[in-house]
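S.K.: Would you mind keeping the following structure in view while I ask a few things?
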Amino acid sequence: MEEDSLFAEEKERSLSEAENLRRTIRHHEYLYYVLDAPAISDGEYDKLVRRLREIEAAYPEAVPADSPTRRVGGEAAGLFSPVTHLTPLLSLSNAYSAGELRAFDKRVREALPPGSKVEYVMEPKIDGLACSLLYEKGRLVRAATRGDGTTGEDVTANVRTIKAVPLVLRLPEAEVPQLLDVRGEVYMPRAAFVRLNEARVEAGEAEFANPRNAAAGSLRQLDSSVTAGRSLSFFAYYIGDGAGSFDLHSDNLAFLQKAGFKVSENYQVVPGIEEAIAYIENFDKVRPGLSYDTDGAVLKVNSVPQQRRLGATGKDPRWAIAYKYPPEQAETILEDIVWRTGRTGVLTPTGVLAPVRLSGSVISRATLHNIDFIRGKGIKLGDRVVINKAAEIIPEVLFVVESARTGEEKEVAIPTQCPDCGGPVVRKEGEAALRCTNPHCPALGREGLIHFASREAMNIEGCGPSLLAQLQEKGLVKDAADLYALTEEEAANLERMGEKSGAKLIKAIAASKEAGLDRLLFALGIRHVGAKAARTLAETFGSLKALQQADEKELAAVSDIGPKIAQSILTYFSVPGNQRLLEKLEAAGVKTVWDKKSVGKAQPLAGKTFVFTGTLPTLGRSEAQALALGAGAKCSSSVSKKTDYVVAGEEAGSKLAKAHALGVAVIDEAAFLKMLAEK
């Protein structure tokens, strides 16, 4: 009996601790994924999750469905079941001109009592996938796609993995509604879209055309663990019954924010249609600097009673309309196609264009993705093509102007030999990628070395592509570890070097030994392990040795890692050549232990948020961001009141304008580098 009593007490203590952990974890998820203002490190967050998993493993019968540990997915969902929406999930009619907006306003006023005051709420039209989230007594019980507006598909298991979606509403108990139907948009941030496509290219898979397609494909995965690894997010923009608790739509948006949802910071209440048109004109300048895609703006009558009176026609509400921006495009000539072999052996084609101005910058190159993309678009050398910026980041060929053909255009030949080593190129069945099959291809080693020495990785100053090529040609460097055996005399004898330059290079190589475990892990070029994942792994495991000893289950349990990255890490460490490289690096004195103290002392930008825009004199965008992150800063792709500094280069555009409008400090590259040098 005494044993039973002790067991009951222990269980009660553990379950109480688990509930406290769930509250704490939900709070930090809200800070990170909704407010974009994390209060703890990824490693500290992972410790909380690991402790919760331990308790839940001991008492599985007491694990609630809305536990944060259930976000990782993993169970195959099978076919998606049909869901009937409580109220129709309506689509919006579109307007393409100020005249059409004024006509809409006239229809609204004519349908309301004479003299009615009409306010509008202006919101960004997010280019994602409409979704309905149903909460019962404050807990998420169902998520469904729009479908035909009346019936959608049940995607609850996948939506649960989106950390911007609260599983439990953040409301005092007295304010929790019995039933709440939240309407919003599932989307993929631009940075996540770029990362996903880079990973798909490396894996030989077809790229997604745009973030919207990527979001839709990610949300409809039968395995929810795949969705969990896609970095989806969610904006709430409406309460499904059209009423909520308030008579103003703007108050309902404020209620959604209070309940823990992400609501666009760019929404605005305006007193009339002319102010709505002005908002649309101004927002067009701001939206390129946002972290997500938009293709327009939405006008909604602010008064909910007026919304009810106006009603809907078929599938469109009479109280709302979407203004669609015309796509910004440019025509130019495709002069050539250059194939480049990356560090994984994949050949990537880049189109060489006659220079043309687009979205505030001069474009002379465009991604062509892979041979399937070239064939699908019917692209030929010499074609006149129309380009835009995919996700407003990467120049991309939209289509060929076939009417402009002269007959001089040439078919694009599929490479049969690697452009670097001349080795055979193959295309595996089911893959879009062409790959060099030569394991000793110099491109693989060269690109790997360039990545290792880059500013984002080990940051070896003066160790650029041309110098690394020399070192390889002379047989002085075969792998990254050989850099640390290089002597001043050997460095001084290289072209365009000398005693002084050689000594400086050796000093920079020696200094990189202290770069830190996170930079080392990123520098190794492990597939799917970017700078953020490398930092998380370093903080979580503390040493290279501990990481090497981790099994798949331990790796996959780490926040933002998951089974795909875990398998990639295990594969990397299982290769004998990689094991020898790591042994050589450790023997050379490269730091392989995470040192919080030393990292903390070299963090002059800790607590500051930076946005980089325009073309900087010497730094690439990713290089500048890596330097900022390494100095403790946080980097964002959009400017807000929480931004501390905007680092602006030439042709900075809308982000610079928004910084001035918000009173955010604007500095140049020189001032940024000076801040980095401060102790």
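S.K.: I want to check the label-to-label distance for E552 and A209. Put each point 7 Å from Cα in the C-beta direction and report it in nm to one decimal.
M.R.: 3.5
S.K.: To continue, here is another question. Taking a point 7 angstrom from the Cα of C421 along the C-beta vector, which residues in region 335-368 have backbone N less than 17 Å away?
M.R.: Under cut-off, by backbone N: 340-348.
S.K.: Give the relative contact order (percent, whole number) for region 215-322; include only Cα pairs under 8 Å separated by 6+ residues.
M.R.: 22
S.K.: For region 372-422 and region 211-266, what is the centre-to-centre distance using only Cα atoms, to the nearest Å?
M.R.: 37
S.K.: With the dipole of the chain worked out from charges on the C-beta (+1 for Lys and Arg, -1 for Asp and Glu) around the Cα centre, which of A531, P177, V666 lies farthest toward the positive end?
M.R.: V666
S.K.: Can you list which of the GluC sites (Glu not before Pro) found in region 361-426 are DSSP loop residues with at most 12 other C-beta atoms within 10 Å?
M.R.: Details: sites: E392, E396, E402, E408, E409, E411; in loops: E392, E408, E409.
Here the sparse-neighbourhood loop sites are E408.
S.K.: Further question: Taking amide H positions as placed in the peptide plane 1.01 Å from N, state which residues far from Y237 in sequence (5 or more) or on other chains have amide H under 5 Å from it.
M.R.: R183, G184, E185
S.K.: Sticking with this one: Can you tell me, using C-alpha contacts under 8 Å and at least 6 residues apart, the relative contact order of region 602-677 as a whole percent?
M.R.: Reported relative contact order: 37 percent.
S.K.: Another question, then. Which value, in debye to the nearest 20, describes the size of the charge dipole of region 417-515 about its Cα centre when Lys and Arg Cβ atoms bear +1, Asp and Glu Cβ atoms bear -1, and nothing else is charged?
M.R.: Details: 12 positive and 15 negative charges, 30 e Å.
Computed about the Cα centre, the dipole is about 140 debye.
S.K.: Starting with the fewest neighbours, write out M675, M458 ranked by other beta-carbon atoms found within 10 Å of each beta-carbon.
M.R.: Fewest-to-most Cβ neighbours within 10 Å comes out as M675, M458.
S.K.: So what's the back-of-envelope 222 nm ellipticity for the chain, counting only DSSP H runs of four-plus at -39500 (n - 2.57) apiece and dividing by all residues, rounded to 500?
M.R.: On the way: 25 runs with 255 residues, N = 679.
The helix contribution divided over the chain gives -11000 deg cm²/dmol.
S.K.: Can you compute the charge dipole magnitude of the chain about its Cα centre, using +1 on each Lys and Arg Cβ and -1 on each Asp and Glu Cβ, nothing else charged? Give it in debye, rounded to the nearest 20.
M.R.: Charge dipole of the chain: 780 debye, to the nearest 20.
S.K.: Please find the FRET efficiency linking E10 to K258, where r is the Cβ-Cβ separation and R0 is fixed at 51 Å, and quote it to the nearest 0.05.
M.R.: 0.85
S.K.: Given that just one value was derived from the coordinates, which of (i) 1.78; (ii) 0.96; (iii) 1.04 is Cα Rg over 2.2 N^0.38 Å?
M.R.: (iii)
S.K.: Starting from the amide H of I337, placed 1.01 Å from N in the peptide plane, find each other amide H under 5 Å away whose residue is 5 or more places distant or on another chain.
M.R.: V352
S.K.: What whole number of Å gives the distance from the Cα centroid of region 327-362 to the Cα centroid of region 626-679?
M.R.: One Cα centre to the other: 28 Å.
S.K.: Calculate the FRET efficiency for A57 and E110 from the Cβ-Cβ distance with a Förster distance of 60 Å, rounded to the nearest 0.05. Walk me through the numbers on the way to the answer.
M.R.: On the way: r = 64 Å, r/R0 = 1.06.
Plugging the Cβ-Cβ distance into 1/(1 + (r/R0)^6) gives 0.40.
S.K.: Taking a threshold of 32 Å on the Cα-Cα distance, which of the pairs K428/K513; K545/K642; K377/K553; K474/K500; K125/K258 fall above it?
M.R.: K428/K513; K545/K642; K377/K553
S.K.: Looking at region 602-677, send over the antiparallel percent of its DSSP beta bridges, to the nearest 5.
M.R.: 10
S.K.: Taking the Cα centre of each part, how many Å lie between region 80-131 and region 561-577?
M.R.: 49
S.K.: Now a separate question. Can you compute the modelled spin-label distance between E331 and K504, with each label point 7 Å from Cα toward Cβ, in nm?
M.R.: 4.9
S.K.: How much length would be gained if the chain were fully extended between D241 and T87, taking 0.36 nm per residue of separation minus their Cα-Cα distance, in nm to one decimal? Walk me through the numbers on the way to the answer.
M.R.: Details: separation 154, 0.36 × 154 = 55.44 nm, distance 0.64 nm.
Going from the current span to full extension adds 54.8 nm.
S.K.: For the residues K285, K106, what sequence is obtained by ranking on other C-beta atoms within 10 Å, fewest first? Don't skip to the end; give the middle numbers.
M.R.: On the way: K285 14, K106 11.
Lowest to highest Cβ neighbour count: K106, K285.
S.K.: Which of rounded, prolate, oblate describes region 173-299, given a ≥ b ≥ c as roots of the alpha-carbon gyration tensor eigenvalues and a/c under 1.5 marking rounded, otherwise prolate only if a/b is larger than b/c?
M.R.: It comes out oblate by the Cα gyration axes.
S.K.: How would region 526-613 be classified by its alpha-carbon gyration tensor: rounded, prolate or oblate, with rounded meaning a/c under 1.5 and the a/b versus b/c comparison settling the rest?
M.R.: oblate
S.K.: Over 32 Å between C-alpha atoms is what I'm after, so list which of K11/K532; K478/K634; K262/K608 land there.
M.R.: Cα-Cα > 32 Å for K11/K532; K478/K634; rest within.
S.K.: Under the rule that a partner needs its Cβ under 4.7 Å from the first Cβ, which Cys of the chain have none?
M.R.: C131, C463, C635
S.K.: With r as the distance between the Cβ atoms of V338 and R50 and R0 = 51 Å, compute the FRET efficiency 1/(1 + (r/R0)^6) and round to 0.05. Before the final figure, lay out the partial values.
M.R.: Details: r = 47 Å, r/R0 = 0.92.
Working from the Cβ atoms, E equals 0.65.
S.K.: Something else now. In nm, to one decimal, how far is the H27 label point from the L179 one, both placed 7 Å along Cα→Cβ?
M.R.: The two pseudo-label positions are separated by 3.3 nm.
S.K.: While we're on this one: Arranged by the count of other C-beta atoms within 10 angstrom, fewest first, what order do F255, F234 take?
M.R.: Final ranking by Cβ density, sparse to dense: F255, F234.
S.K.: Among the lysines, which have Cα under 17 Å from the Cα of K315 when same-chain residues fewer than 8 positions away are ignored?
M.R.: List returned: K300.
Throughout, read-outs are computed from the coordinates displayed, never taken from laboratory work. Predicted, not measured: the structure shown is a model, and the values here were computed from it. So basically every Cβ, Gly included, is an ideal-geometry build from the backbone, and we count neighbours across all protein chains shown.
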